Amino acid sequence: MATASGQSLIGIPLDLTVVGTYDAARAFIASMEGTDGRLFLVYSFNVVTQPDAPASGGRPATVSGDVQLFLQGYVVVLTAPTSTETTSTAPTPTTGPTPTPTTGPTPTPTTGPTPTTGPTVLPGAPGLPTTDRNPFTPVLPAAPAG
């Protein structure tokens, strides 16, 4: 007997830092929250204005009026439905001839690339706003307390 279990809604926490113009930051949030087939729920944000500064350590150059936006939110996904097979009786083991081991060369394991799957690109999904600035903030270790 197969019993169906429903789909589950899962929220994956995500913290983002975005640096750029105010309009580009707003467009980025809108594209994250408003793309069909994807749901990003912002639950906290903080905006800090940026001074003129050259690019350094993976951070893009900023001009007066740019912002650094700290976002906290959830990427919400719906899992695929699953079914569980259950049986009311245990299967009866069968007996047959016992296989006899044979001697011979041992196969040598081979290594190769592991197949992976990439993210699914939804057809017709709008792209993010374009910029010539590096959108990635460097990952730095936390400063020691005290």
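Of all residues in region 42-74, exactly one satisfies the criterion of being without any contact (Cβ under 8 Å) to a residue 12 or more places away in the chain and of a type in the set (S, T, N, Q), namely Ser56. Note on region 1-78: enclosed strands (runs of 3 or more DSSP E) holding 2 or more residues that are modelled with pLDDT of 85 or more are 9-20, 39-49, 67-78.
The values are calculated or read from the model by the stated rules, or taken from the named source; none is laboratory data. As the structure is a computational prediction, the values presented were derived from the model and not from experiment. All Cβ positions, glycine included, derive from the backbone under ideal geometry; neighbour counts span all protein chains shown.
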